[in-house]
Each structure stands twice: as structure tokens, then as C-alpha cells.
């Protein structure tokens, strides 16, 4: 990511915007919606709020124009330049100009307005272009972006949070999150998780860019945005576990892992999983949990598992071993696992297996989201 | 040899290429730049800078990938600060 000279940014978190005129390519309500969604991309990961003005001078004036439109940067007709925007500041600064010689659309049949204007808002907030080809702030419009699952890249998040910091209000109280809390997804019987972990007596259920927090003394879980708590972590973890003896949660994604204490990422991370003793053939971890009684951490990969000695900081000899041999009844690929109340809970798709390590047998099969008291 | 500014490489005129480098990589506006594109010319340096920023193979030449990238729709703001 990159900034403008002097790292220009808004000296306040409440930014105003005004849609000065409309393109005739789309319904006005669709333009409004695309612009609101594009602003939300940035407000989701910062303390910024955006208030719409319908008249007068707003911080971000959004207008459609063609060819020479009075700012010495004429547009070039269909194709080529789609729009431009100015860094934060008074008057024309912060403003967004969109080339109305483009065919603006809600979908991808023309130039997708949400995607293009979300990029321009990055400039209006203080980001210059990024050379990270996955970043929204990469200068070239990526027609292949999956609009149904759009998310800022880590580069975008790192850049904008260097300017404005993290969201001030944890998303657990934001309206968006309240609707999500009541969102049927929480109780979807087909719910599956990327990873699960304990954390200081709570349980965390990770899914894409969200996680549910469930404490033993609350009936319902709370749904949170990962980027609100650990903004510099990638989303879509592969595995996570709490090393209770060190008050640390380790999270894994592909061949990297991070150590997190509370909301602080420990220095010196991410590290390669190979530093734990995995062979190079292992590209990612499926699931992991720490067994406090034995001071051992179990790592599950496909149908085998390793056991890591947290005292010796090394893998135990004689591993990997077959999961089904030592955990009879755990036959499916493990998505996630944690230990609770003396049992091991293995998550696989929408099912969860409760395993009694003393009796060495499966005691119950549950729905993965059985902890949410649906 | 003098390159005709209207000459096209992969359906992109030399004019367009020069304007791209001027607009987004602050190539000095000088008509004769393109007349002699020796390896040390500022134009080649700007082509390299663009290729590096956009994640292309840095060749200094207007190869197909580079020309393809320059035809794609994009933001009008420069890629590098002047």
C-alpha cells in the first residue's frame, strides 16, 4: 500500500459525502446502494463513519462527468480511465469523479460501480495505489473480482488502519452485527467452521471473516468481525488453539501461524509451520488443540495427526499416526477441534463428535453449532 | 529508427503508450522521447518502472503482456508520486 505525500488523511472520523449528480446508466437507488456499500467496505475496518449530505459542501463530493470537467484531468471516453479521486482535504480534495462515458452497472455487464467507487474512496481517505495485485487499491480494474464475496485485501486493511486505526466500537454492538446475531446463519443446521479454539474461558468459532464468541455464562453467542479484533490477521483460518499455560492463541493459515495474546499479535510472527517440525509435504493444518493434562498439542492433517510437546518445543517421536487408530470413530476429515469439560470435540462439516479420551470412544454426535443453543 | 507516433503495437498507438507513461508514471512530456528508444532512454526506464509496479516481467520492452495491461480499464490517478 502507499500514502499520498505527508500521509494526508481526514483529521476526524466523521466524514460527510454527497452524491452531486447521477449517471443515467443505473437507477438512482442502485447508485445510492452501490455508494453506501462501497463506503461500508472502509468503515467496517476503521473508526470512520460516513454521513450523507444532500446539499452544500461535503468532504467527499461524488459526481459523474465526461471528458474535460474542470479539473485539468479530462476523462478519455469509453474504456481507459474509469474515474479518479483526490486525497483528503478541503474543496476538490476528497472528491470522486467518475467517467460517465463508461457503462456503469450494478453487475459486471459494464463497469461495476461498487467496485470502482470503493477504489476511489480509498484515495478520498488517503490511500494511493498499491502494487499488490490482490488489493482493491491496485490501479487496474479487475473484472474477475467475485462481487458476492468481496473483501478488502490484507494490504488494503493494513494501509487504511495505518492511517485511522481499528474500528472504535467492537462490532458486537454495531447494528450490522446485531442483525448478523439474529441472522439465521448462526443457527443454520448446515453450519460448519474453519477453526475453533478456547480463549480465557470462552469458546471461539471461526468462519471466514467472522467469529462467534461463546462464554459459559451466556446463552447466546456473539458474532464479531475478525478485522475488528485482529485487523492484521488474514481471515479464513485453517486451525486455531489456545496454549492455556501461556495465555496465547495460535492461529494457522496455510503454511503460516501467528501467536495472539488478547488482541495483541506477538512479535516475530507469522512463522512457518515447518519451524514446529512439520515436513515440507504438509501445506496446511486442518485442526489443532492443546491437551492441558498431557501438555501436548495435537495437529490434525487429512487422516493423520502429530503430537507436539509444549515443554520440549518439539514433535514427539513416532508421529504422524492415523487419526482413526487413536481416536476410534473419528473417521471424517477434521475441520476443527477443541477440548472442553474433559472431552475432545471434533468438528467435521455440520457435525461434531464428542470424544472421551479416557474411555477412548465417541460419546455423542452433535450439530456443529450445538454450542449456540439454537 | 524514428517511430511513427501513430504506429501501433498490439492495437495501442505509441501516442497512447506515451500518454499512459506521462499520466501514470510522470514521464516528461517531450514528443521526441519515442523517436529513439535506446535502452538508456527515460522512456525505457519508465516502462520498467510501470512493469515493476504492476507486477509484470521487467523487460523495458513493450511486450504483449505490458500492452495488454495498458489497455485495461483503470483508475485515473497516477501510480507513483511525482
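Select from region A:130-148 the residues that are touching a strand residue (DSSP E or B) at 6+ places or on another chain (Cβ under 7 Å) and closer than 26 Å to residue B:81 by Cβ and write down the one among them that is farthest from the other protein chains (Cβ to nearest Cβ). Walk me through how you get there before you give the answer.
Here is the first cut: in region A:130-148, the residues touching a strand residue (DSSP E or B) at 6+ places or on another chain (Cβ under 7 Å) are A:137, A:139-141, A:147.
Subsequent filtering for residues that are closer than 26 Å to residue B:81 by Cβ retains A:137, A:139-141.
Values: A:137: 9, A:139: 5, A:140: 5, A:141: 4 Å.
Filtering region A:130-148 for residues that are touching a strand residue (DSSP E or B) at 6+ places or on another chain (Cβ under 7 Å) and closer than 26 Å to residue B:81 by Cβ, the one farthest from the other protein chains (Cβ to nearest Cβ) comes out as A:137.
Among the residues of region A:108-129, which ones are over 23 Å from residue A:22 (Cα atoms) and facing another protein chain (nearest Cβ under 9 Å)? Break it down into steps so the answer makes sense when it comes.
We begin by selecting, within region A:108-129, every residue over 23 Å from residue A:22 (Cα atoms); these are A:126-129.
Passing the criteria: A:128, A:129.
So which residues in region A:50-102 are out of contact with any helix residue (DSSP H, G or I) (no Cβ under 9 Å at 6 or more places or on another chain), in a loop (DSSP other than H, G, I, E, B), at the interface with chain B (Cβ under 10 Å from one of its Cβ atoms) and touching a residue at least 12 places away in the same chain (Cβ under 8 Å)?
Once the filter is applied, which keeps residues that are out of contact with any helix residue (DSSP H, G or I) (no Cβ under 9 Å at 6 or more places or on another chain), in a loop (DSSP other than H, G, I, E, B), at the interface with chain B (Cβ under 10 Å from one of its Cβ atoms) and touching a residue at least 12 places away in the same chain (Cβ under 8 Å), region A:50-102 yields A:75, A:78.
Restricting to region A:264-307, and then to whatever is closer than 20 Å to residue A:245 by Cβ and surrounded by fewer than 12 Cβ atoms within 10 Å (Cβ to Cβ), can you tell me which residue is modelled with the highest pLDDT?
The extreme case among them is A:275.
Among strands (runs of 3 or more DSSP E) lying entirely in region A:290-374, which contain 2 or more residues that are over 33 Å from the mean Cα position of the chain (by Cα)?
Numbers: elements: A:296-301, A:304-309, A:336-340, A:343-348, A:351-356, A:361-367.
Qualifying strands (runs of 3 or more DSSP E): A:361-367.
With assigned to a loop (DSSP other than H, G, I, E, B) and modelled with pLDDT of 85 or more as the only criterion, which of B:21, B:3, B:56 stands out? Even if it seems obvious, please write down each step before you answer.
On the way: B:21 fails: assigned to a loop (DSSP other than H, G, I, E, B); B:3 fails: modelled with pLDDT of 85 or more.
Exactly one residue qualifies, and that residue is B:56.
The values are calculated or read from the model by the stated rules, or taken from the named source; none is laboratory data. Treat the numbers as computed from the prediction; the structure is a model and nothing was measured. When we count neighbours, we look across all protein chains shown, and the Cβ atoms used for this are built from the backbone with ideal geometry, even at glycine.
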